[in-house]
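The values are calculated or read from the model by the stated rules, or taken from the named source; none is laboratory data. Worth saying up front: this structure is predicted, and the values here are computed from it rather than measured. Cβ sites come from the backbone with ideal geometry, for glycine too, and all protein chains shown count toward neighbours. In case anyone asks, the SASA skips ligands and DNA or RNA and just uses the protein heavy atoms, side chains included. Shrake-Rupley method; radii C 1.70, N 1.55, O 1.52, S 1.80 Å.
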Protein chains: 2
Amino acid sequence: MKLKNDIKIAMCQMMIADDKSINLEKAEKALHKASLQGCDIAILPEMFNCPYDNKFFHEHAEEYPGQTTKMLSDAAKKEGIYIIGGSIPEKKDKNYFNASFSFDREGLLLGIHRKIHLFDINIKGKIQFSESKTFTPGKEITAFDTEFCTTGVAICYDMRFPELIRSMSLLGAKIIFVPAAFNMITGPAHWHITNRCRALDNQVYFVSVSPARNEKSKYIAYGHSMVTDPWGQTVVEADEKESIIFASISMDYIEKIREELPLLKHRRPDIYVEK
Amino acid sequence: MKLKNDIKIAMCQMMIADDKSINLEKAEKALHKASLQGCDIAILPEMFNCPYDNKFFHEHAEEYPGQTTKMLSDAAKKEGIYIIGGSIPEKKDKNYFNASFSFDREGLLLGIHRKIHLFDINIKGKIQFSESKTFTPGKEITAFDTEFCTTGVAICYDMRFPELIRSMSLLGAKIIFVPAAFNMITGPAHWHITNRCRALDNQVYFVSVSPARNEKSKYIAYGHSMVTDPWGQTVVEADEKESIIFASISMDYIEKIREELPLLKHRRPDIYVEK
């Protein structure tokens, strides 16, 4: 089968409410709107069914399959689109994960990414967060096949680690989706350079989707969902407000860049120190 | 011995002539000027004794010790400063390398970095270069101790590879020096994001020094020598013209950033795919 070359991606930069059912209803509507515009793949933000706050994670968590993942699967099938389901708090046995569930056009589960690198930072007088108070870290890199190409999923702080994004690229991923909620300190300082450099270094499309900025929430997301191309250039970028933005991306362009600037071919894994 | 915390770095963004002796004289003067300003470490650009052009590399090449490395060693001793000697074409046995020689305040050789990743690109209608026509790739990561910290050296295209810069960081490097000549295509597109993201990801000072822009040369260097701090912010940046720019950097600031945003501690080498 010839893989499809041109792909339309929809990024749903949702404003997140405290109430889970409100979030699910809003996500479902956003996915429907995205589908009406003819997208192939729609992506939701990190923690799209729950405020990004340790005090909400247990209460909003669910096991798979559950209310949220059923909505995602049903929407994927009904709309006939791929869905990268942002992330939600997942309960599994006695553990909780920050987890992303992806579905194909038939509503079948493609993969679950459980956030590997938990966000434990303490920038004095500016921002403190400790995901590890609630969550257990995931242990697996997530890359699955789609009708377009191999596709990777990471969550937010995961994208800080060049090794993880490189790993996904080495596993064949050519589009990497990252539901992510940077904040008003790390966002302005690091969001654009990290998005752009990961896309450039790995010669992939890098698609990151944030919640909309809610000035009233305890943790204020930066917004600025964006798609970066394999030459490191921004294809499209949201502002901080609630919106759905679209990008058309091309698999041929990846091959062109990889031929002209053969970074992946020029790697020297015989030389690098890894631990 | 207590390591020195505050370090003054001088970046000599030289205009390169065809004639080797003119370049050596200019470099020696620049190092003297830098020293008069009280710098601890001075750094020269990639190919500071030779135009960046395959047709000049053999003719300007020398074995170690040779005319250029003697000048560098003598200048380091005379001025009492560390010198990261940009790079030059080195002849060694039957091979040629793009090599960087570093010297301490006594003029003693600290390390030789031989460019590992050769610059072979062909961006159609824009820029084509093939270093591998002349050079043999180096095989070793370069990190050596100074009175400040462990210090790494890479050359230009080497900085495109996150694994190499991470390797240097894992070997303990807290300042990474990169003599580099990006061009008028890759410079505007990639120079700033790559410099900033490497510093940020590895929580190091990243110091890159370019030749000044010579519109008459076959390969036109981008310029914009710069220092980026471990938070990913630009400390100082040159324009495209010939100049010496200075930056004061602090080892304490590295420790502050690493404590607040513990990226290196949060790595998961048990999970990454490396080859």
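Estimate the FRET efficiency between B:Phe246 and B:Thr150 by the formula 1/(1 + (r/R0)^6), using the beta-carbon distance for r and 35 Å for R0, to the nearest 0.05.
On the way: r = 22 Å, r/R0 = 0.64.
That gives a FRET efficiency of 0.95.
Mean projection of the alpha-carbon convex hull of region B:138-206 over all orientations, in nm²?
Values: hull surface 18.0 nm².
Across all orientations, region B:138-206 yields a mean hull projection of 4.5 nm².
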Could I have the simple spin-label model distance between B:Asp19 and B:Leu108, label points 7 Å from Cα toward Cβ, reported in nm to one decimal?
3.7
Taking region A:197-275, which GluC sites (Glu not before Pro) meet the DSSP loop condition and have no more than 10 other C-beta atoms within 10 Å?
A:Glu215
With θ taken as phi - 60° and the coefficients 6.51, -1.76 and 1.60, list the Karplus ³J(HN,Hα) couplings across region A:247-258 in order, rounded to whole Hz; mark glycine and proline as x.
9, 9, 10, 10, 5, 4, 5, 4, 5, 4, 5, 5
On the full set of protein chains, 1.4 Å probe, figure out the accessible area of A:Tyr64 and give it in Å² to the nearest 10.
90
Choice from A:Ser208, A:Ser100, A:Ser250 showing the highest fluctuation, given a GNM over chain A with Cα pairs closer than 10 Å
A:Ser250
Whole-angstrom gap from region B:159-201 to region A:150-210, using each part's C-alpha centre:
17
Under 12 Å from a point 7 Å along the Cα-to-Cβ line of A:Glu63: which residues of region A:87-129 have their amide N that close?
A:91-95
Output, in nm with one decimal and in ascending order, the distances from the A:Asn5 label point to the matching label points of the other copies (7 Å from Cα along Cα-to-Cβ).
6.0
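Can you give the Rg to Rh ratio for the protein assembly as shown, taking only C-alpha atoms and Rh from Kirkwood?
Working: Rg = 24.7 Å, Rh = 24.4 Å.
Radius of gyration relative to Kirkwood radius: 1.02.
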How far apart are the A:Asp93 label points across copies, placing each 7 Å from Cα toward Cβ, in nm, shortest first?
5.4
Across the identical copies, how the A:Pro262 labels are spaced - nm, sorted shortest first, 7 Å along Cα→Cβ
4.3
Along each of its three principal axes, how wide is the spread of alpha-carbon positions in chain A, in whole angstrom units, largest first?
49, 46, 37
Computed ³J(HN,Hα) along region B:120-134: with the Karplus parameters 6.51/-1.76/1.60, θ = phi - 60°, integer Hz and x for glycine or proline, the list is 10, 10, 8, 8, 4, x, 10, 7, 9, 8, 9, 4, 5, 4, 10
To the nearest 10 Å², what's B:Arg114's accessible area with a 1.4 Å probe?
50
Could you compute Rg(Cα) / (2.2 N^0.38 Å) for region A:184-261, with N its residue count?
1.20
In whole angstrom, how far apart do the alpha carbon centroids of region A:16-49 and region B:219-269 sit?
39
Could you sort out which of A:Lys29/A:Lys241; A:Lys77/A:Lys115; A:Lys55/A:Lys216; A:Lys55/A:Lys92 sit more than 20 Å apart by Cα distance in this structure?
A:Lys77/A:Lys115
Residue of B:Arg105, B:Arg198, B:Arg258 that the Gaussian network model of chain B assigns the largest fluctuation, springs spanning Cα pairs under 10 Å:
B:Arg258
Treating the Cα atoms of region A:1-111 as identical point scatterers in vacuum, please give the log10 of the normalised Debye intensity I(q)/I(0) at q = 0.10, 0.14, 0.18, 0.20 Å⁻¹, two decimals.
-0.27, -0.52, -0.82, -0.99
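Within the protein assembly as shown, what percent of beta bridges assigned by DSSP are antiparallel, to the nearest 5?
Details: 70 of 102 bridges.
Counting only bridges with both partners in the protein assembly as shown, antiparallel ones make up about 70 percent.
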Connecting every pair of Cα atoms under 10 Å apart in chain A and solving the GNM, the largest mean-square fluctuation among A:Ser169, A:Ser35, A:Ser130 falls on A:Ser130
Report for chain B the percent antiparallel among DSSP-assigned beta bridges with both residues inside it, nearest 5.
70
How many times 2.2 N^0.38 Å is the alpha carbon radius of gyration of region B:97-214?
1.07
Quick one: what are the phi-derived ³J(HN,Hα) couplings along region B:177-187, Karplus 6.51/-1.76/1.60 with θ = phi - 60°, whole Hz, x for glycine and proline?
9, 9, x, 7, 10, 5, 10, 6, 9, 6, x
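According to the Cα gyration tensor, what semi-axes, each the square root of 5 times an eigenvalue, does the equivalent ellipsoid of region B:91-136 have, listed from largest to smallest in whole Å?
Details: eigenvalues 170, 36, 8 Å².
The answer is 29, 13, 6 Å, longest axis first.
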